[in-house]
1. Yes or no: segment 354-366 includes at least one residue that is at pLDDT 95 or above and either within 16 Å of the ligand (Cβ to nearest atom) or not assigned by TED's automatic domain parsing to the domain that holds Ala226 (or both).
2. Does Ala94 satisfy the condition of being within 15 Å of the ligand (Cβ to nearest atom) and either part of a strand (DSSP E or B) or not assigned by TED's automatic domain parsing to the domain that holds Met296 (or both)?
3. If we keep just the residues of segment 55-91 that are within 28 Å of Gly38 (Cα to Cα), part of a loop (DSSP other than H, G, I, E, B) and at pLDDT 95 or above, which is farthest from the ligand (Cβ to nearest atom)?
4. Could you list, ordered by first residue, the pairs with Cβ atoms under 7 Å in which the first is in segment 45-63 and more than 20 Å from Glu140 (Cβ to Cβ) and the second is surrounded by 13 or more Cβ atoms within 10 Å (Cβ to Cβ) and hydroxyl-bearing (Ser, Thr, Tyr), at least 6 apart or interchain?
5. Give the residues of segment 128-154 that are open to solvent by less than 20 Å² (accessible area, probe 1.4 Å) and not in a strand (DSSP E or B), sorted by residue number.
6. Which one of the conditions (1) assigned to a strand (DSSP E or B); (2) under 29 Å from Glu405 (Cα atoms); (3) β-branched (Val, Ile, Thr) does Ile205 fail to meet, given that it meets all the rest?
7. Output the residues belonging to segment 271-318 that are over 26 Å from Val259 (Cα atoms) and in a loop (DSSP other than H, G, I, E, B).
8. Kindly indicate whether Asp208 is over 16 Å from the mean Cα position of the chain (by Cα) and farther than 22 Å from Gln389 by Cβ.
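The values are calculated or read from the model by the stated rules, or taken from the named source; none is laboratory data. A quick note: this is a predicted structure, and the numbers were derived from the prediction, not measured. Because the Cβ atoms are built from the backbone with ideal geometry, glycine has one as well, and the counts that use them run over all protein chains shown. Surface areas here come from the heavy atoms of the whole protein model, side chains and all, with no ligands, DNA or RNA. Shrake-Rupley method; radii C 1.70, N 1.55, O 1.52, S 1.80 Å.
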Amino acid sequence: MTYAAYPGLRQREFAPWREKIVSGIYDPRPLPLADKAGATIGYAMTEKQGGSDLRETVTRARFLEDTPEGRVYLLTGHKWFFSVPVSDGFFTLARSTPGVSCFFVPGFLPDGARNRIRLQRLKDKCGNRSNASSEVEYHEALAWLVGEEGQGIREILSHSHLTRLDFAVASAGLMRQALTLALDHTQSRRGFGLALADQPMMTNILADLAIDSEASTLLAFRVARATDGIETDEKERHFARLTTPLAKFWNCRRAAAFVVEALECHGGNGFIEENPMARLYREAPLNAIWEGTSNMMAMDVLRTLRKQPEAGEAVMDELEGARGADPAYDRWLGRLGDELARSRNDDGHGRRLTGLLATALQASALHADGHADSFQAFCRSRLAGDWGQVYGTLEDAPEMRAIVERATVASTHRHAHTGSHTGKAG
Ligand SMILES: Cc1cc2nc3c(=O)[nH]c(=O)nc-3n(C[C@H](O)[C@H](O)[C@H](O)COP(=O)(O)OP(=O)(O)OC[C@H]3O[C@@H](n4cnc5c(N)ncnc54)[C@H](O)[C@@H]3O)c2cc1C
């Protein structure tokens, strides 16, 4: 959230905040900004009556005065989800006369006293426990207006673009960690006379997971590269606009099923809290929910396709780059063209279309930057239609063993460099 906040704090008055954000220092002390070496920023949008539909915001904003620090308002209301309440400042939404507006709420008032944000309780979450999430009330909390009054939802969602990219990357990271743990366990434990990883059905599962891990990582990094080019390359800007919600949708959705499979690779040991898999299992569904649920991502993809044809064209251009590399890929592109025409005006097809596009982009990213084995196995399984509903259902994939070995080399390499190989990865 702190990363996403930087461009949001573009107003001249926020220069001291920007400086503390990029200091590279995490300073946990509860102090006014001037006394801190680094700043952390949170976002508080969600209210009880709805997190997806932010038009339902009822927190009130009352104009107080214009100051050199900006236009000051007093906020009164309740926020149902408020993560990292120890942050130094928060972007939030509240209703002023022209509509829902975006505000920045500092943790401390200019006179050094605490701002009037009352923490009611911490959420008892099923996972993600090392991040505190709370419920709060604003009692005439001081806030500065950000952007144009009444345009708050658009303003705050423009920051979400960056947190959504983070979740696409983070979910790929979560998958890779789960895969590393599954490889480590199945290669060091034996059953029925062989290392579990060498039992044919387990080899199939591990290869299947490794393909997904590689494809999700490359998808996320392709979007990250486009995001780097947002200000200098118009085509990359259009590409990033469509593929950010798309990659967030796909990688975050894949993560949960992926982690369940990696957990089962550990047998009963995976279900025990001492094993890091238990923590990954509890964490895995979350990225799909916050910063916009899966359905909100699919709606964003549909909306972008409808309103910004250049974004769809940038993605289709990219996909054309791999045409001819595999017959299943070419057929998929043909199918995609039909689905695009059919789904554009039908919200009910949002997930389907987003999934089809994401799968095509994963294949094209594997073709451009991945290993040829993975690209071929991906096309044969995900695109040619002979893949089952669960992991471990690759058919006729002679390169399975090589795929597993490559994924393993990466994990052994990591241990060699950190010197932390204790027999338990992660
Ligand atoms: C651990 C955690 C920490 C969080 N931290 C923060 C935070 O710091 N700041 C913050 O602002 N929020 C935070 N949230 C809240 C989170 O962003 C919201 O929960 C999320 O945006 C969904 O809103 P909601 O819970 O109100 O669900 P709802 O909006 O009620 O949605 C419920 C379901 O309905 C679906 N849905 C809604 N509308 C439609 C539609 N039109 N078509 C189809 N389906 C639809 C959704 O996709 C979802 O599956 C946090 C949540 C969690 C779990």
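1. yes
2. Taking the combined requirement at face value, the residue satisfies it.
3. Looking at the filtered set, the residue picked out is Asp88.
4. Partner pairs satisfying both residue conditions: Ser52/Thr293.
5. Once the filter is applied, which keeps residues that are open to solvent by less than 20 Å² (accessible area, probe 1.4 Å) and not in a strand (DSSP E or B), segment 128-154 yields only Gly152.
6. Ile205 satisfies every listed condition except (1).
7. Gln308 - this is the single residue of segment 271-318 that is over 26 Å from Val259 (Cα atoms) and in a loop (DSSP other than H, G, I, E, B).
8. Judged against the criteria, Asp208 is not a match.
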